[in-house]
Each structure stands twice: as C-alpha cells, then as structure tokens.
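Data block below; observations after.
The values are calculated or read from the model by the stated rules, or taken from the named source; none is laboratory data. It should be emphasised that the depicted structure is a prediction, and the values quoted were computed from it without experimental measurement. Because the Cβ atoms are built from the backbone with ideal geometry, glycine has one as well, and the counts that use them run over all protein chains shown. These accessible areas exclude ligands, DNA and RNA; they are computed on the full protein's heavy atoms, side chains included. Shrake-Rupley method; radii C 1.70, N 1.55, O 1.52, S 1.80 Å.
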Amino acid sequence: MNRRCLALGAMSGAEGEAFRVGMLVFDGMTHLDMVGPADMFARVPGLEIVTIGLSLDPVTTDSGTRVLPDVTIAGAPPLDLLFVGGGPGMTGLLDDDALLEFVRTSGRTAKWVTSVCTGALVLGAAGLLDGYRAATHWAVMHLLPALGAEPVEARVVIDRNRITGGGVTAGIDFALTIIATLWGEELAQLIQLASEYDPQPPFRTGSPRTAPPELVARFREISGDLTEARRAAVGRAAARLRS
C-alpha cells in the first residue's frame, strides 16, 4: 500500500503533514479487520498507510485473499499510529517474541496505539493495555483482564492514546472515530457519506445481547477450540508479563 491517498482532498479543503499508519498483516488475519479501517483511512488527505509483515511474503487472510506487506517488522519506519487486527492467525502471534517486541517498541513511540477485534490481545500480550480500558471481540472479552486491561462492551473505546474496536465490522466505526478525533468530524462525516456507510443489517444477531441464546451457544460450540487455544496463549503471555 505505502502511499498517500488524497481522494477527498478537494472536498475537505485540508492537506496536513504526512501521517503514517502502520498496519500489521499476518497469515490467518481477518481481512475485514484491516481493510475496513484501511479504506476509511485512505480517504484522509496526506495519510500514508504502510502494511507491515513478519516477512515480505504475501500473507493469506482467513477468507483466502492475499495481502502484500510493504515492509517487515525489522524495516518498519516510525509510526504515528500502530494498528493490529485480529483473526484465527492472531493466536500464534501471542507466542512470537520478535513480533511482540516490535509491537511493544512501536507502541512506545507511536502517537496512537490501536486495534480491532482480537488484535487487542496482541496489544495486551505486548504489555500495551495494562491499566487501560479496551474493547475486543465479544467472544474473548473475558481474556482481557489477564493482560491487565479493563474490558468494555462498546464498538470503540478511547483511553488516552489507546483506541480499540470491537469485532470485525466495528473497524469502520473505529476508523471514522479516529478520523473525527484527529482531523475533525466534518471530514469523518464526508468519508462516511462517500462510502454510503448506513448500516441496516438484515438480522439483529450481530451481538450476543440481541442474538437468540441458541445461536450464541452454537457459535460458542463452533469456536470452542479456537477460544481455548486463545485462552491458553493469553495465559502464557500473561505469565511472561508478570515475570
């Protein structure tokens, strides 16, 4: 990606200094976790998006699409905003010392440290959510306290310079919230309008609060092995943080 996108420059009438967003990409990531925010961010005049991988090899998302990293974690430039998404492949990142050290180091120097969905667990495993309020996917919300975070059931949570989004589709709300916070509500509203982001879901099953209990139970059954693997990985990460 590694480019500045000025799609709404004429509409916004503003073009500030380059603002670099680094988006971590990895095999098994959920594509929408990244591409939803990236599409919103790409409309901000002067903003540069850099995709950061463990290597320069293309990564394959959990939907089978492929994403090409611009740089590796070893060659990543200084970031204004660090972003980590989630997905099934996120679990392995919790035991990857080199990756967690990159996230930890980048998070200490970036102006903003952010995540969507289970990417919050990566931030937590790197020690970046200790004492912070945070959102994540509802199915792993109970794992945040082990990493020092206070779980909050919300689409987007801002706590100082930490901004976390809920599961998958919350990434669009997350990005628009960041744009409104950093560049003003007018630009965020223009981007929302240009994208015709006017959610009208066909079913009210997007949250365990509104979905039928039997549907929630079915999801927990289907995702049980993955949730258990994440619980174990979070336990190991929490032990390393304590030591």
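Could you give every pair whose Cβ atoms fall below 6 Å, whose first residue belongs to the stretch 46-62 and is on the phi > 0 side of the Ramachandran plot, and whose second residue is surrounded by fewer than 17 Cβ atoms within 10 Å (Cβ to Cβ) and assigned to a strand (DSSP E or B), counting only separations of at least 6 or pairs across chains?
Note: pairs meeting the criteria are Gly46/Arg4.
Among the residues of the stretch 224-239 satisfying the criterion of being in contact (Cβ under 8 Å) with a residue 40 or more places away in the chain and open to solvent by 90 Å² or more (accessible area, probe 1.4 Å), which is farthest from Thr169 (Cα to Cα)? Can you show your working first?
Filtering the stretch 224-239 for residues in contact (Cβ under 8 Å) with a residue 40 or more places away in the chain gives 226-227, 229-231, 233-238.
Subsequent filtering for residues that are open to solvent by 90 Å² or more (accessible area, probe 1.4 Å) retains 231, 236.
On the way: Arg231: 23, Arg236: 28 Å.
Among residues in the stretch 224-239 that are in contact (Cβ under 8 Å) with a residue 40 or more places away in the chain and open to solvent by 90 Å² or more (accessible area, probe 1.4 Å), the one farthest from Thr169 (Cα to Cα) is Arg236.
Considering only the stretch 83-92, state which residues are open to solvent by less than 10 Å² (accessible area, probe 1.4 Å) and not aromatic (Phe, Trp, Tyr).
Filtering the stretch 83-92 for residues open to solvent by less than 10 Å² (accessible area, probe 1.4 Å) gives 83-87, 90.
If the condition is that a residue be open to solvent by less than 10 Å² (accessible area, probe 1.4 Å) and not aromatic (Phe, Trp, Tyr), then Val84, Gly85, Gly86, Gly87, Met90 are the ones that fit.
Within the stretch 145-158, can you find the residues that are open to solvent by less than 20 Å² (accessible area, probe 1.4 Å) and either more than 19 Å from Gly87 (Cα to Cα) or assigned to a loop (DSSP other than H, G, I, E, B) (or both)?
In the first step, residues of the stretch 145-158 are kept if they are open to solvent by less than 20 Å² (accessible area, probe 1.4 Å); the result is 147, 149, 157.
Within the stretch 145-158, Ala149, Val157 meet the criteria.
Considering each residue of the stretch 34-78, count those that are over 15 Å from the mean Cα position of the chain (by Cα), of a type outside the set (D, E, K, R) and part of a loop (DSSP other than H, G, I, E, B), and give that number.
Matching residues across the stretch 34-78 total 19.
Assuming Glu15 fulfils every condition listed in (1) modelled with pLDDT of 95 or more; (2) open to solvent by 10 Å² or more (accessible area, probe 1.4 Å); (3) acidic (Asp, Glu) apart from one, which condition is it?
Result: Glu15 passes all but (1).
Report whether or not Gly92 is under 12 Å from the mean Cα position of the chain (by Cα) and not in a loop (DSSP other than H, G, I, E, B). Write out each step before concluding.
Working: under 12 Å from the mean Cα position of the chain (by Cα): no; not in a loop (DSSP other than H, G, I, E, B): yes.
Spelling it out, it is not the case that Gly92 is under 12 Å from the mean Cα position of the chain (by Cα) and not in a loop (DSSP other than H, G, I, E, B).
Test Ile73 against the criterion of being surrounded by fewer than 22 Cβ atoms within 10 Å (Cβ to Cβ) and touching a helix residue (DSSP H, G or I) at 6+ places or on another chain (Cβ under 9 Å), and give yes or no. Show your work before the answer.
Details: surrounded by fewer than 22 Cβ atoms within 10 Å (Cβ to Cβ): yes; touching a helix residue (DSSP H, G or I) at 6+ places or on another chain (Cβ under 9 Å): yes.
Here the answer is yes, as Ile73 does meet what is asked.
Name the residues in the stretch 95-125 that are open to solvent by 10 Å² or more (accessible area, probe 1.4 Å), within 13 Å of Leu54 (Cβ to Cβ) and not in a loop (DSSP other than H, G, I, E, B), would you?
Within the stretch 95-125, Asp97, Ala98, Glu101, Phe102 qualify.
Kindly check whether there is at least one residue in the stretch 171-194 that is on the phi > 0 side of the Ramachandran plot and not small (Gly, Ala, Ser).
Keep residues of the stretch 171-194 that are on the phi > 0 side of the Ramachandran plot, which gives 184.
Imposing the further condition that a residue be not small (Gly, Ala, Ser) reduces the set to none.
Checked against the condition, which is being on the phi > 0 side of the Ramachandran plot and not small (Gly, Ala, Ser), the stretch 171-194 yields no hits at all.
Quickly run through the stretch 22-36 and pick out the residues that are buried (at least 21 other Cβ atoms within 10 Å of the Cβ) and of a type in the set (D, E, K, R).
Asp33
If you scan the stretch 37-65, which residues turn out to be surrounded by fewer than 18 Cβ atoms within 10 Å (Cβ to Cβ) and of a type in the set (Ser, Thr, Tyr)?
Within the stretch 37-65, Ser55, Thr60, Ser63, Thr65 meet the criteria.
Can you find even one residue in the stretch 172-192 that is closer than 24 Å to Asp225 by Cα, open to solvent by 40 Å² or more (accessible area, probe 1.4 Å) and without any contact (Cβ under 8 Å) to a residue 12 or more places away in the chain? So that I can check it myself, show each step before the final result.
Of the stretch 172-192, the ones closer than 24 Å to Asp225 by Cα are none.
So far as the stretch 172-192 goes, no, none of its residues is closer than 24 Å to Asp225 by Cα, open to solvent by 40 Å² or more (accessible area, probe 1.4 Å) and without any contact (Cβ under 8 Å) to a residue 12 or more places away in the chain.
Looking only at the stretch 211-223, which residues are without any contact (Cβ under 8 Å) to a residue 40 or more places away in the chain and open to solvent by 30 Å² or more (accessible area, probe 1.4 Å)? Don't jump to the end; show me each part of the working.
Kept after step one, since they are without any contact (Cβ under 8 Å) to a residue 40 or more places away in the chain, are these residues of the stretch 211-223: 211-218, 221-222.
Once the filter is applied, which keeps residues that are without any contact (Cβ under 8 Å) to a residue 40 or more places away in the chain and open to solvent by 30 Å² or more (accessible area, probe 1.4 Å), the stretch 211-223 yields Pro212, Pro213, Glu214, Leu215, Ala217, Arg218, Glu221, Ile222.
Consider the stretch 159-171. How many of its residues are open to solvent by less than 10 Å² (accessible area, probe 1.4 Å) and either in contact with a Leu (Cβ under 6 Å, 6 or more places away or on another chain) or modelled with pLDDT under 95 (or both)?
The initial filter retains those residues of the stretch 159-171 that are open to solvent by less than 10 Å² (accessible area, probe 1.4 Å), namely 163-166, 170-171.
Remaining after also requiring either in contact with a Leu (Cβ under 6 Å, 6 or more places away or on another chain) or modelled with pLDDT under 95 (or both): none.
The number of residues fulfilling the criteria is 0.
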